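Report on the following structure.
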Ligand SMILES: *[C@@H]1O[C@H](CO)[C@@H](O)[C@H](O)[C@H]1NC(C)=O
Ligand SMILES: *[C@@H]1O[C@H](CO)[C@@H](O)[C@H](O)[C@H]1NC(C)=O
């Protein structure tokens, strides 16, 4: 822990903490690019998960429930000791040659890390005394510590449609192999001409400042999911307005994935479904239609489960920052959370615009007219994310677009 890199990170964190800029961490608390590569070994020591049974009668929202033996695994969620043993999903969709599940099963290290029975989404049935007791012990985004039960409950109660319980309806994909593209906003996509390939996927995930107009050839036009926190969405509208990100993507079949990183997300979600102005907090008076369009209803929205955020963070993106008193600042990036969501729900996953080894050759985002170096923020660990994408690619679990 005494490495120069680590001290530098600590210093920057301290600086960030003592400055009011912290509030705007996503934009201004930039950290110098860390030097050394971290050993993948850190990935291989997942801390024992403290996931207790999901409250209420729940179905795992991931692919697990559709497969043989799903019921067995669902039962296993109910006995705590079982939770410490990774269960592997059996079988795979026959139409998929190299499905995520099959590739994970075949890989010794990722086979130990992936758990396809952790619920990805949260909906009304998760609202229970047990869930409340458990989640209030963890701070956001991994829990509900300090949040108002009325506000959290108010949002959850509205997530009562079947569409809130799964990311997508498997029956709508006749082929039996759901292929997803997750499109980050990295400069590697500038001039990539990947648009057609991206749009050829069954489902396309985008996030934050996802500029499309003028970049169709490189990034495509299809958007099935837009992922964000209220903080990152609103910051993107400010920071990337000059590059053409003037509104959040809207379309009839588009679904929004809320990452509950703050009270604001629960409050905005509730108002969005009700179609009423935000009644309290930082976004008070905001009209959700401005972001999500006029026909927003419960089925337009998905909410990532705090247990899922806890699981992916502790197992896949356990940063050194989490061992310090600044751990509350850290969380995986929005892109990382979308990619991990896709990896736990889709049959095949291709990642575009995510950080690669040669990131220094590219601009921060694909839409900057002049090259800007990639920004590192004190609340994310981009080098750790880079290593994860690289090793998932090498294991054949997903394809990482590189050039
Ligand atoms: C969901 O909740 C809303 C608001 O309480 C209610 O009007 C609606 O009928 C419920 N829908 C279902 C499918 O239960
Ligand atoms: C994007 O690509 C174009 C053409 O390939 C190039 O001229 C431009 O400098 C690139 N922009 C950035 C920010 O790298």
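Read-outs throughout are calculated quantities, based only on the coordinates presented, and are distinct from any laboratory measurement. Source: prediction; values computed, not measured. A quick note on method: Cβ atoms are made from the backbone with ideal geometry, for glycine too, and the neighbour counts reach across all protein chains shown.
Which members of region 178-237 meet the condition of being assigned to a strand (DSSP E or B) and in contact with a helix residue (DSSP H, G or I) (Cβ under 7 Å, 6 or more places away or on another chain)?
Residues satisfying the conditions are 180, 181, 182, 183, 204, 205, 207, 227, 228.
If a residue must be in contact with a helix residue (DSSP H, G or I) (Cβ under 6 Å, 6 or more places away or on another chain) and within 16 Å of ligand 1 (Cβ to nearest atom), how many such residues does region 109-148 contain?
Residues flagged as in contact with a helix residue (DSSP H, G or I) (Cβ under 6 Å, 6 or more places away or on another chain) and within 16 Å of ligand 1 (Cβ to nearest atom) within region 109-148 amount to 3.
Consider residue 140 carefully, then state whether it is under 22 Å from the mean Cα position of the chain (by Cα), crowded, with 20+ Cβ neighbours inside 10 Å, more than 16 Å from ligand 2 (Cβ to nearest atom) and part of a helix (DSSP H, G or I). Before you say what the answer is, go through the steps one by one.
Details: under 22 Å from the mean Cα position of the chain (by Cα): yes; crowded, with 20+ Cβ neighbours inside 10 Å: yes; more than 16 Å from ligand 2 (Cβ to nearest atom): yes; part of a helix (DSSP H, G or I): no.
No: the conditions fail for residue 140.
Enumerate the pairs (first residue in region 122-150 and more than 23 Å from residue 299 (Cα to Cα); second residue anywhere and within 16 Å of ligand 2 (Cβ to nearest atom) and outside any loop (DSSP other than H, G, I, E, B)) with beta-carbon separation below 9 Å, excluding pairs fewer than 6 apart on the same chain, so at least 6 apart or on different chains.
Qualifying pairs under 9 Å: none.
Residues checked against (1) more than 16 Å from ligand 2 (Cβ to nearest atom); (2) crowded, with 23+ Cβ neighbours inside 10 Å; (3) under 22 Å from residue 390 (Cα atoms):
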site: 102; (1), (2), (3): yes, no, yes
site: 106; (1), (2), (3): yes, no, yes
site: 118; (1), (2), (3): yes, yes, no
site: 124; (1), (2), (3): yes, no, no
site: 134; (1), (2), (3): yes, no, no
site: 146; (1), (2), (3): yes, no, no
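Within region 357-374, can one find any residue that is more than 19 Å from residue 235 (Cα to Cα) and away from ligand 2 (no atom under 16 Å from the Cβ)?
Yes, region 357-374 has at least one match.
Being within 16 Å of ligand 2 (Cβ to nearest atom) and either under 15 Å from residue 257 (Cβ atoms) or surrounded by fewer than 21 Cβ atoms within 10 Å (Cβ to Cβ) (or both) is the filter here; which residues of region 178-191 pass it?
Hits for region 178-191 are 184, 190, 191.
How many residues does region 192-205 contain that are within 16 Å of ligand 2 (Cβ to nearest atom) and buried (at least 17 other Cβ atoms within 10 Å of the Cβ)?
Looking only at that region, the number is 3.
Take residue 385 and decide whether it is within 16 Å of ligand 2 (Cβ to nearest atom) and either assigned to a strand (DSSP E or B) or touching a residue at least 40 places away in the same chain (Cβ under 8 Å) (or both).
no
Looking at this structure, is residue 331 free of Cβ contacts under 8 Å to residues at least 24 places away in the same chain and either in a helix (DSSP H, G or I) or buried (at least 23 other Cβ atoms within 10 Å of the Cβ) (or both)?
Against the criterion (free of Cβ contacts under 8 Å to residues at least 24 places away in the same chain and either in a helix (DSSP H, G or I) or buried (at least 23 other Cβ atoms within 10 Å of the Cβ) (or both)), residue 331 does not qualify.
Quick check on this structure: which one of 249, 260 is away from ligand 1 (no atom under 16 Å from the Cβ), crowded, with 24+ Cβ neighbours inside 10 Å and part of a loop (DSSP other than H, G, I, E, B)? Steps first, answer last, please.
Details: 249 fails: crowded, with 24+ Cβ neighbours inside 10 Å.
Checking each option against the conditions leaves just 260.
Given (1) away from ligand 2 (no atom under 16 Å from the Cβ); (2) crowded, with 21+ Cβ neighbours inside 10 Å; (3) more than 20 Å from residue 232 (Cβ to Cβ), identify the lone condition not met by residue 401.
Only one criterion is unmet by residue 401, namely (1).
Within region 335-354, can one find any residue that is in a loop (DSSP other than H, G, I, E, B), buried (at least 22 other Cβ atoms within 10 Å of the Cβ) and within 15 Å of ligand 2 (Cβ to nearest atom)?
The answer is yes; a qualifying residue exists.
State all residues of region 149-177 that are buried (at least 18 other Cβ atoms within 10 Å of the Cβ), touching a helix residue (DSSP H, G or I) at 6+ places or on another chain (Cβ under 9 Å) and part of a loop (DSSP other than H, G, I, E, B); if no residue qualifies, say none.
158, 159, 165, 166, 167 - these are the residues of region 149-177 that are buried (at least 18 other Cβ atoms within 10 Å of the Cβ), touching a helix residue (DSSP H, G or I) at 6+ places or on another chain (Cβ under 9 Å) and part of a loop (DSSP other than H, G, I, E, B).
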